[in-house]
1. Report the net charge of residues surrounding A:Phe189, where surrounding means a beta-carbon distance below 13 angstrom and charges are Lys +1, Arg +1, Asp -1, Glu -1.
2. Treating the Cα atoms of the stretch B:45-190 as identical point scatterers in vacuum, please give the log10 of the normalised Debye intensity I(q)/I(0) at q = 0.16 Å⁻¹, two decimals.
3. Let a ≥ b ≥ c be the square roots of the eigenvalues of the Cα gyration tensor of the stretch A:1-103; is it rounded (a/c under 1.5), or, if not, prolate (a/b larger than b/c) or oblate?
4. Give me the mean projected area, in nm² to one decimal, of the convex hull enclosing the Cα positions of the stretch B:93-144.
5. Calculated from DSSP H runs of 4 or more alone, at -39500 (n - 2.57) each and per residue, what is the 222 nm mean residue ellipticity of chain A, nearest 500?
6. Could you pull the Cα extents of the stretch B:104-233 along its three principal axes, largest to smallest, in whole Å?
7. Pop the C-beta distance of B:Lys66 and B:Gln37 into the FRET formula with R0 = 51 Å and round what comes out to the nearest 0.05.
8. Output the 0 to 90 degree angle, nearest 10, between the alpha-carbon long axis of helix B:159-190 and the longest principal axis computed from the alpha carbons of chain B.
Amino acid sequence: MSILFGKAKNIEAEIEQFFDKISEAGLIFSAGIKDYLEGDFEQFHSRIDDINKQEGEADNLRREIRYYLYTKMLIPESRGDVLGLLETSDNVIDTTKTVLSHFDIENPTIPDSLNSEFLKLTESAVSALSSLVKANRAFFKNSNIIHDYIHKVHFHEHEADRIEEKLKKIIFRSDDISSLAEKLQLRDFVTYISSLADDAEDVAERLSVYSIKRSI
Amino acid sequence: MFQLFFLLSSGLFLGWSLGANDAANIFGTAVGTKMIQFRTAAIVGSIFVILGAVISGAGATETLGKLGAVNALPGAFTVALAAALTVLWMTRLKLPVSTSQSIVGAIIGWNLYANLPTDYSSLTKIVTTWVLCPLLSALFAFIFFFIFRFGVSRMRCSIIRLDAYTRLALIVVGAFGAYSLGANNIANVMGVFVPISPFETSEILSLSFSSAQKLFLLGGLAIAAGIITYSRKVMETVGSNLYKLSPVAALVVVLASSAVLFLFASESLEFWLASRGLPTFPLVPVSSSQAVVGAVIGIGLAKGGRNINFRILGKISVGWVTTPITSGLIAYILLFVVQNLFLMPVYN
């Protein structure tokens, strides 16, 4: 049993590290978008490298955690839940990576007049992500604060939705953007950034069910 | 020797079926949901059921002895056989049944056949305890539920650590449960043989080993055999079908029902309470299944009283009447057959 508790400490540390990776990916994502909007492409590319590194490390951690949880640790009832949680949390990192690489590939031209709204959208999406990371940590620590954080994820996701809709309206009514192709492209980018908040909300939904399930 | 073993066989069979069925009350949820391995449960369960039977089996046995002291070995064989057949039959009919209720009916059947009076004060004590058992178990589960919930929220440990603790606790509480089961229910298995025990008291390593204790050891081995050979199926059914509980709630159920079985079995606890002028618990074999049902209801009440199946309570109370009557009748008929067909004296 002492081996078991030693391993528990190990796995707890790894789970914490996994959440660190998600949190860091969120920060890099937000900085990357800002660099892009400001036209600092050199910095932007180094952000992409950073986020790829985080994503790769998170994958490795997730695999190690999965192996331990399935072979030694959790009681079966919680296993599926915890694994599902880690997998869907991992989607959030994947989204940050994918969105930045879309920017890199398509190089959309964003009019300066839209910069502030794009930044607000990014900020809301990343806030949803960081509240999710806090909720995740609270879940693993078996803490009641989890509900506060889940609530915040929902709040930021709504906020992102609101900005998303507003931005899309501005894009389609703007005279600065002349071609429909550009409008459609910008619309897609708004959707991409906002999808980060949606992914965070999906995980939060799971979390709220799991935390009810675990209460005795 | 062969004849002796044959005459004890009905009791051993009763012990085997007790192990096969009742071990699931202790380890069912844990094994059924794969929280602990069946092998671990079987080993821990077997060891502690034997310890409970040998160390604390005397109290409840004495009460059964007062109800009716079967005074011929073929009679004891028949009484235990009648109880075992009742359990088998009622299990086949999917009716709730307990070895405790069945053996009491069979003993009364013997009393009637032998034309001996039944001690009504013992009978009242026994039946009152049967009713008390699920109620007390519900009360314990209700209280433990809140203590555990408070404790878990206070412990502030991570879910991974909590799961590890829960697993460990399920094994520890399971050991206590097996001990209590052995202590309380060995009376059903071997009780009728005690007044006519063919063994003698002996001393091993300066520990006195009474003739009854040798019977209890034999009965405990039979229960352990039931656990090892047949309880797995029952555990898997209990764990996955019957009641869905969270791991901690499952722990509360096992702890509450085991505590009740222990209260109704432990002579040292009785002595301790009596020496302090406190009211004591009657030492009576009770049904571990009914204790579990009581505990599950207790948890349901603690959670606000939703989702409680009150029909199951009705079913149980019907069993208090039908089981003893059925086994009493079977015992009476079998005693007649054994005495007149096999020409063996069933009473002296």
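1. Values: positive: A:Lys168, A:Lys183, A:Arg187; negative: A:Asp104, A:Glu106, A:Glu117, A:Glu164, A:Glu182, A:Asp188.
Local net charge: -3.
2. Per q value, in the given order, log10 I(q)/I(0) is -0.99.
3. Working: a/c = 3.81, a/b = 2.69, b/c = 1.42.
Since a/c reaches 1.5 and a/b is larger than b/c, the shape of the stretch A:1-103 is classed as prolate.
4. Numbers: hull surface 20.0 nm².
About 5.0 nm², averaged over all directions.
5. Working: 6 runs with 188 residues, N = 216.
Helix contribution divided over all residues of chain A: -31500 deg cm²/dmol.
6. 63, 40, 35
7. Working: r = 42 Å, r/R0 = 0.82.
So the FRET efficiency works out to roughly 0.75.
8. 10 degrees
Only the coordinates and a few stated rules stand behind these numbers; no lab work does. Not measured: the values here are computed from a predicted model. Here Cβ is always computed from backbone atoms with ideal geometry, including for glycine, and neighbour counts include all displayed protein chains.
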